[in-house]
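The values are calculated or read from the model by the stated rules, or taken from the named source; none is laboratory data. Bear in mind that the values here come from a model prediction, so they are computed numbers and not experimental data. With ideal geometry, Cβ positions are generated from the backbone for all residues, glycine too; neighbour counts draw on all protein chains shown. When the accessible area is computed, the model is the full protein with side chains, heavy atoms only, and any ligands, DNA or RNA have been set aside. Shrake-Rupley method; radii C 1.70, N 1.55, O 1.52, S 1.80 Å.
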Amino acid sequence: MIHGPDELLNDYKSQIAVTRDEKELEQVRVALFGNSGAMTNLIKEIPGLPKEERSDRGRLLNGIKQQLEGAIAARLGELRVERLADIVETEAIDITFPGPPLGQGHLHVLTQVRRQIETVLESLGYQVELGPEVETEWYNFEALNLTAGHPARENWDSFYFTPELLLRAHTSPVQIRAMQRIKEPPIYIITPGRCYRRDAPEATRLPYFSQVEGLAIDRALTVGDMKGTLLYMIQSLYGIERKVRVRPSYFPFTEPSFEFDVTCGICNGMGCKSCRHKGWLEVGGCGMVHPQVLRNGGIDPTEWNGYAWGFGIERMAMLKHDVDDIRLFYESDLRFLEQF
Ligand code: DAH
């Protein structure tokens with residue numbers, strides 16, 4: 001079909017306007033500007049024209065070519081916008097729709113209790129002191145008066161790497177390390193941390209657990225100072241109505257030594273099933289630091305004395321939240337953990 005240039009312009013402009021997608025538009029573009037496209041053919045005819053017509057013809061065709069190219073570019077833009085609008089409609093993405101709520105975690109109950117203990121004792125001037133979990137025989141036992149063959153050692157059945165190296169069985173070795181590091185009393189430290197013993201897991205015991213140890217060294221400290229400090233700690237954690245008591249006991253690193261009890265929070269000391277009708281629950285051990293332990297830490301027992309305690313953090317959490325099985329703390333069951 002022979003087209004005059006104006007006819008061609010109008011014809012293709014309307015073709016361009018009704019294309020439905022980019023593929024159709026591309027077909028129109030090829031029909032115009034491809035190797036044997038309509039526009040290409042008209043341009044090819046120019047050299048065959050009489051000389052004086054050529055430049056007018058060239059200018060005319062060039063103008064038409066530009067208009068058509070512009071129309072194609074404009075239509076391409078429209079088609080792209082239409083396609084996006086289509087996607088938005090068919091896939092119905094509402095970018096203002098709120099996403100699903102993110103679950104928010106919180107501190108593990110044992111971490112909460114440990115931090116509460118730290119906060120209370122820091123308010124009394126104690127500093128947190130940490131020690132290694134892999135300990136030497138000397139710090140874990142010897143320096144604490146638990147010499148080889150001492151019958152009390154069986155209370156601390158331990159995991160050994162070598163005859164010299166073991167997983168610490170309690171936080172008490174940090175007492176010695178603290179004395180050696182600080183050197184000059186007064187010393188007021190607490191040392192929280194993980195301990196390990198060769199115990200089978202049970203409702204009240206695990207082979208790994210945490211303790212918080214306390215150590216005070218000053219001039220002329222008394223059992224009264226110790227009991228008052230621990231009473232303050234217990235009442236800060238459990239409430240002012242709680243009472244405490246110390247019962248004579250034995251530890252090689254303290255003299256005298258005590259077991260430390262707190263009134264049962266469920267019956268308020270009256271006796272109930274939870275405390276096996278005793279009214280009291282045991283929290284840990286304490287006592288006045290043995291002079292030989294001070295000496296082992298490099299401190300002169302004729303000038304200084306002190307008290308110390310070692311409580312189980314799981315035990316303290318169990319008392320606080322009335323949990324009856326220590327294993328629950330380590331099972332990572334969210335139904336348990338989310339209660340705290
Ligand atoms: N280390 C002891 C234990 O693991 C607890 C203990 C008792 C620590 C008396 C002390 C203390 O500091 O004075 O059973």
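Skip the ligands, DNA and RNA, and give the accessible area per residue of the stretch 109-337 with a 1.4 Å probe, whole Å².
Counting only protein heavy atoms, the per-residue value for the stretch 109-337 is 47 Å².
With a probe of 1.4 Å, find how much accessible area the stretch 5-91 has per residue, and write the answer as a whole number in Å².
68 Å²
Just going by the charge dipole of the chain, with Lys and Arg at +1 and Asp and Glu at -1 on Cβ, which of T90, G214, Y196 is farthest out on the positive end?
Going by the charge dipole, the pick is G214.
In what sequence, highest mean first, do 202-212, 95-105, 15-25 appear when ranked by Cβ atoms within 10 angstrom?
Going by the mean number of other Cβ atoms within 10 Å, highest first, we get 202-212, 15-25, 95-105.
Charges only on Cβ, +1 for Lys and Arg, -1 for Asp and Glu: so what's the dipole of the chain about the Cα centre, in debye to the nearest 20?
With Lys and Arg at +1 and Asp and Glu at -1, about 640 debye.
Name the long-range amide H neighbours of C195: under 5 Å, sequence gap of 5 or more, or other chain; modelled H, no Pro or chain starts.
HN-HN under 5 Å from C195: F209, S210, Q211.
Provide, for the stretch 109-337, the number of lysine pairs with alpha carbons under 26 Å apart, each pair being eight or more places apart or on different chains.
Lysine pair count for the stretch 109-337: 9.
If packing is taken as the average number of other Cβ atoms within 10 Å across a peptide's residues, how do 148-159, 80-91, 117-128, 229-240 rank, most packed first?
229-240, 117-128, 148-159, 80-91
Taking the Cα centre of each part, how many Å lie between the stretch 49-63 and the stretch 260-276?
The stretch 49-63 and the stretch 260-276 have Cα centres spaced 111 Å from each other.
Ignoring ligands, DNA and RNA, what percent of the 1.4 Å accessible area of the stretch 109-337 is carbon and sulfur?
Answer for the stretch 109-337: carbon and sulfur cover 51 percent of the accessible area.
Taking the Cα centre of the stretch 137-192 as origin and charging only Cβ (+1 Lys, Arg; -1 Asp, Glu), how large is the dipole, in debye to the nearest 20?
Dipole magnitude for the stretch 137-192 comes out near 240 debye.
Taking the stretch 113-207, how much of its Cα-Cα pair set, in percent, is spaced more than 22 angstrom apart?
Pairs farther apart than 22 Å: 36 percent.
Relative contact order (percent) for the chain, with alpha-carbon contacts under 8 angstrom and 6 or more residues of separation?
After rounding, I find 14 percent.
With a 10 Å radius around each residue's Cβ, average the other Cβ atoms per peptide and rank 214-221, 161-168, 46-53, 138-145, highest first.
Output ranking for 214-221, 161-168, 46-53, 138-145: 138-145, 214-221, 161-168, 46-53.
Run the numbers on the stretch 245-340 and let me know its relative contact order in percent, using alpha-carbon pairs under 8 Å that are six or more apart.
20 percent
How large is ³J(HN,Hα), in whole Hz, for each residue of the stretch 154-159 in order, when computed from phi with the Karplus curve 6.51 cos²θ - 1.76 cosθ + 1.60 and θ = phi - 60°, using x for Gly and Pro?
Working through the residues one at a time gives 5, 6, 10, 5, 10, 8 Hz.
Expressed as a whole number of Å, what is the distance separating the alpha-carbon centroids of the stretch 145-169 and the stretch 176-246?
Measuring centre to centre over Cα atoms gives 20 Å.
Restricting attention to the stretch 260-321, which trypsin sites (Lys or Arg not before Pro) occupy a DSSP loop and are surrounded by at most 13 other Cβ atoms within 10 Å?
In loop regions of the stretch 260-321 (DSSP not H, G, I, E or B), the sparsely surrounded trypsin sites (Lys or Arg not before Pro) are K273, R276.
When the distances between all Cα atoms of the chain are binned every 20 Å from zero, what whole-number percent does each bin get?
So the P(r) values, bin by bin, are 23, 32, 7, 10, 17, 10, 0.
State the percent of C-alpha pairs, over all pairs in the stretch 5-91, separated by a distance greater than 18 angstrom.
Percent of Cα pairs beyond 18 Å in the stretch 5-91: 49.
Pull the list of the chain cysteines that no other Cys approaches to under 4.7 Å, Cβ to Cβ.
Cys with no partner Cβ under 4.7 Å: C195, C286.
With a cap of 14 neighbouring Cβ atoms within 10 Å, and only residues DSSP puts in a loop, list the GluC sites (Glu not before Pro) found in the stretch 232-340.
E241, E303, E331, E338
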